[in-house]
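Asks: What follows is a structure written as C-alpha cells; I'll ask about it next.
What follows is calculated from the coordinates using simple rules that are stated; it is not laboratory data. Small disclaimer: the values here were computed from a predicted structure and weren't measured. Cβ placement follows ideal geometry from the backbone for every residue including glycine, while neighbour counts extend to all protein chains displayed.
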Amino acid sequence: MAKPRWLDERQQRAWQGYLHLNQDLTAVLEQQLARDSGLSGADYRVLHPLSEAPGGLLRARDLGSEIGWDRSRLSHHLSRMEKRGLVTREECAEDARGLMVRLTKVGRRAIEEAAPGHVEAVRRYFFDHLSNDEIETMAAGFDRMLDNLRRERL
C-alpha cells in the first residue's frame, strides 16, 4: 500500500482556506439573492445558462451537465421552478425521449432583475480583494484543475 502524501502546512492552510471561502461565500451570495430578488442560489444557477442560450432553450441533459447536477436533482428543482412560472419543460422535437427546458418571460425578468445585485456582491466579496495578477493566477490554476478533473471523469 502506498504511503499517504500528507499536505504540508502551506497546502493545509490553502486547502482549508478554500473550503471555508467556498462555504462562506456561497452562503453570503445565497442570502443576497434571496433578500434582493427572492431567488435561491439554485434558481440562479438554472436561470443563468438558460438566459444565455439561444431562445432561452436548452436540453435538460445539457443544462444538468452545465451546472453539475444529476437528472433527479434537476428534475425536482425544475418542477418547483415551473410552479413559479420561471421555466417550462417541453418535449424535444428531434428526440422524443429528450426534454427541453425553456426560460419563460417571468424567468427572464427574474434573472435580469437579480443579476445586477448578484454581480455586485460577487465583485464586493471576491474580486475587489484581488489584484489583476492574482485573478490571472487563480484563473490559470482553476483551468488546469478543471481540465484534470474532466480528464479523470472520462
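Asks: Counting other beta carbons within 10 Å of each residue's own, what order do 145, 1 fall into, fewest first?
Replies: By the 10 Å Cβ count, ascending, the order reads 1, 145.
Asks: Follow-up question, since we're still on this one. For segment 73-154, which trypsin sites (Lys or Arg not before Pro) are in a loop by DSSP, counting at most 13 other Cβ atoms within 10 Å?
Replies: Of the trypsin sites (Lys or Arg not before Pro), the ones in loops of segment 73-154 whose Cβ has at most 13 other Cβ atoms within 10 Å are 97.
Asks: Give the whole-number value, in cubic angstrom per residue, of the convex hull volume spanned by the C-alpha atoms of segment 26-153.
Replies: 134
Asks: Still on this structure: In whole Hz and in residue order, list the ³J(HN,Hα) couplings for segment 10-17 that follow from phi through the Karplus curve 6.51 cos²θ - 1.76 cosθ + 1.60, θ = phi - 60°; x for Gly and Pro.
Replies: 5, 5, 4, 4, 5, 5, 5, x
Asks: If I model a spin label as a point 7 Å beyond the Cα along the Cα-Cβ vector, how far apart are those points for residue 94 and residue 27 in nm?
Replies: Label-label distance for residue 94 and residue 27, simple model: 4.3 nm.
Asks: Something else: What does a probe at residue 146 reach in segment 56-95, counting residues whose amide N is under 16 Å from the point 7 Å along Cα→Cβ?
Replies: Under 16 Å, as judged by backbone N against the label point of residue 146, lie 63-69 of segment 56-95.
Asks: Here's another thing I want to ask about it. As an exercise, identify the trypsin sites (Lys or Arg not before Pro) in segment 1-35 lying in DSSP coil whose Cβ has no more than 14 other Cβ atoms within 10 Å.
Replies: Filter output for segment 1-35: 5.
Asks: Test of understanding: given the chain, find the longest segment containing no chymotrypsin sites (Phe, Trp or Tyr not before Pro) that are in a DSSP loop and have at most 16 other Cβ atoms within 10 Å.
Replies: With a cap of 16 other Cβ atoms within 10 Å, the longest stretch comes to 7-125.
Asks: Around residue 60, with a cut-off of 9 angstrom between Cβ atoms, what is the net charge of the other residues, counting Lys and Arg +1 and Asp and Glu -1?
Replies: Computed value for this residue: +3.
Asks: In degrees, nearest 10, range 0 to 90: what is the angle between the Cα axis of helix 132-153 and the longest Cα principal axis of the chain?
Replies: It works out to around 70 degrees.
Asks: Can you list the GluC sites (Glu not before Pro) in segment 62-154 that are in a DSSP coil and have 11 or fewer other beta carbons within 10 angstrom?
Replies: Answer in residue order: 94.
Asks: What is the dipole size for the chain, taken about its Cα centre, with +1 at each Lys and Arg Cβ and -1 at each Asp and Glu Cβ, in debye to the nearest 20?
Replies: Dipole about the Cα centre, nearest 20: 600 debye.
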